């Protein structure tokens, strides 16, 4: 069995910077046509100069691969209309983080509502800059996403022309919200399609499966699968692939993030094939994102075959999801 | 401020064996009069010879301390009445594990109901041997204890003379069940009084706080605190102190267990004092257990004072709870 995925897109990707970038960038660039690049560096990407300089470092790191980094800014409530108008030429979206909610998000926004962020969100709406949101409250870890949904609702209602992407959704409740507001969209990760909290903490504790938002309940995973497997037109693949060196994972205090970029397409084929919906994968990993973001990524055809592939133990000092395990599909060639 | 705790008892303790026993036994024996010793060794403690030989190793390991190990057998549905009658002279309780539910429980029982276990439980009831249970289903990790409660109910109803101890309870639902059946009792750990899942996985992932059953929701912790702080007469302190070498905690797959024995009394004083219920601690850490199990432990008076104590980073190669953190109380002397 074989499938050709055209112009795969990863609409939520952490490439990091420095030495880590040299590991991650070629791995994503090999199989993906493009990716939405998250801006939570240290310091966060908040100026056009930083966007351009980060983009340049990414393009240097990808080597000979054809790959388009769709750049983002780290949301600040101080952005002016003029700044955003200029920024629009350089970015694809702006990413909003609640302060301190995940890796390198300390400079995020502490009060997220339609009043506090009115000016910036109105400007983004008018300039047609999509808003990507890490949607979690500061509540109990299993409730954070559900508690944040009222914020999504308020923003969607108050800024009906603003495209709002609920990033890496993990709950049934978030999936259901897609039907309620025309301007709400979502990304879903590979790992949230695969795992629940049981995989993280039900047997041994698995630091390499620990992520934010944390994997939820079986019924939540079922809802995510239903949306992805049916290639819901408002849902895109976004890996949230988030590498940390092994020393930050297998430690006293383990950082959040699952590294999936190099094995994502293979694992998605496996999952979609087993659910007998392989035909819908093209939409989930590319077409929906092209439509939602109006993208024309560079042409790429990734040929995958149903043959066993044993995942590398590490890439550099990063342990990927499925390290040393077998996946039922492998990449045969990239055209 | 000062408190004298008389004959502290730890009614759920993992001392392990071999080199680890040499680390753990003196630490528990220093501050506690006695403890109920869990039988999940490799292989599990299932014969009188094993009980006596393990007891001997424990007594060798405690050194000069005065300490009574209350021994247990690992529940097997094959135990005969005659065996149990003889065993009763050597043990204080029998511990029932669902197969595979926690560390070294592979030889546990795969089908727990009043019919399958009828003979053994009737014999234990008649012989007045208490049944200690690790009460978790095989369901979703946050639901396992709640799902198991119907088993407790069935056993409590069918064997009304059998003392059943719900070990290391973690949920509001389990606390509520204490009122419903006269023959149901419970132990509560130190860590479940302190933490929720937020502490394990809400910020960085904390392997040294990972345990089975997993820490639950804030409202569950509140119910546990209410029961402990009021020294509910059916509730006893059982640390479930469960050491693993650091290599098994800060690793790819982290074993379940929090090591609390050497800091438990200090941390309990801190917690009870802050809740203004220090007067109830004596019952929680000793009197209730004496009544429930009819114990007469060796006399010991542990004098604790309200003075800052920085917890040791490690004991041997085990990282304790609160490693390098400060606790508001320390042990002044043991009489």
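What follows is calculated from the coordinates using simple rules that are stated; it is not laboratory data. Nothing here was measured: the structure is a model prediction, and the numbers come from that model. Using ideal geometry, Cβ is built from the backbone for each residue, glycine included, and neighbour counts are taken over all protein chains shown.
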Normalising by the residue count of chain A, find the relative contact order in percent from Cα pairs under 8 Å and 6+ residues apart. 19 percent
Computed on Cα atoms, the radius of gyration and Dmax of the range B:1-91 in angstrom are 14.2, 52
Starting from a label point 7 Å past Cα on the Cβ side, list the distances from residue A:291 to the same position in the other copies, nm, shortest first. 6.8
Point me to the residue of chain B whose C-beta lies closest to the B-onto-A rotation axis, rounding the distance to whole angstrom. B:250, 3
Shape call, the range A:186-261: gyration tensor on alpha carbons, a/c limit 1.5: oblate
Calculate the length of the line joining the C-alpha centroid of the range B:198-232 to that of the range B:252-310, in whole Å. 16 Å
Taking other Cβ within 10 Å of each residue's Cβ, how do B:168, B:208 sort, fewest first? B:208, B:168
So the label point sits 7 Å from Cα along the Cα-to-Cβ vector; using that for residue B:48, what distances do you get to the other copies, in nanometres, sorted shortest first? 8.8
I'd like to compare A:99-107, B:236-244, A:2-10, A:187-195: which one has the highest average count of other Cβ atoms within 10 Å, and what's the full order after that? B:236-244, A:187-195, A:2-10, A:99-107
Helix A:264-274 sits at what angle to the longest principal axis of chain A, using alpha carbons and giving 0 to 90 degrees rounded to 10? 70 degrees
Starting from the Cα gyration tensor of the range B:111-190, take the square roots of the eigenvalues, sort them a ≥ b ≥ c, and report rounded, prolate or oblate (rounded when a/c is under 1.5, otherwise prolate if a/b is larger than b/c, else oblate). prolate
Which ordering of B:170, A:72 is given by a fewest-first count of other beta-carbon atoms within 10 Å? A:72, B:170
How big, on average over all directions, is the shadow cast by the Cα convex hull of the range A:135-232, in nm²? 6.1 nm²
Förster radius 51 Å - calculated FRET efficiency between residue B:81 and residue B:325, Cβ distance, rounded to 0.05: 0.55
Considering every residue in B:255-261, what mean count of other chain Cβ atoms within 10 Å of its Cβ is obtained? 1
Starting from the coordinates of the alpha-carbon atoms of the protein assembly as shown, obtain the Kirkwood hydrodynamic radius over all distinct pairs and give the value in Å to one decimal. 27.1 Å
Answer rounded, prolate or oblate for the range A:176-314, using the Cα gyration tensor with square roots of eigenvalues a ≥ b ≥ c: rounded when a/c is under 1.5, else prolate when a/b is larger than b/c, else oblate. prolate
Could you check what % of the DSSP bridge pairs in chain A are antiparallel, to the nearest 5? 35 percent
For chain A, take the longest principal axis of its alpha carbons; what is the angle in degrees between that and the long axis of helix A:118-127, to the nearest 10 within 0 to 90? 70 degrees
Other protein chain Cβ atoms within 10 Å, averaged over every residue that makes up A:220-232: 0
Globularity ratio of chain A, using Cα Rg and 2.2 N^0.38 Å: 0.92
Could you work out how far helix B:48-61 tilts from the main Cα principal axis of chain B, as a 0 to 90 degree angle to the nearest 10? 10 degrees
At 37 °C and 0.692 mPa s, what whole-number value in µm²/s does Stokes-Einstein give for the translational diffusion of the range B:137-179, with Rh from the Kirkwood sum over Cα pairs? 301 µm²/s
Under 20 Å from a label point 7 Å along Cα→Cβ of residue B:1: give me every residue in the range B:221-240 with its amide N that close. B:225-232
Rounded to 0.05, the calculated FRET efficiency for the beta carbons of residue B:110 and residue A:48 at R₀ = 60 Å is 0.45
Can you pull the mean other chain C-beta count within 10 Å for peptide B:241-252? 3
Please give the FRET efficiency for residue B:127 paired with residue B:230, using the beta carbon to beta carbon distance and R0 = 30 Å, rounded to the nearest 0.05. 0.40
Calculated label separations, residue A:218, copies of the chain, 7 Å along the beta-carbon direction, nm: 2.9
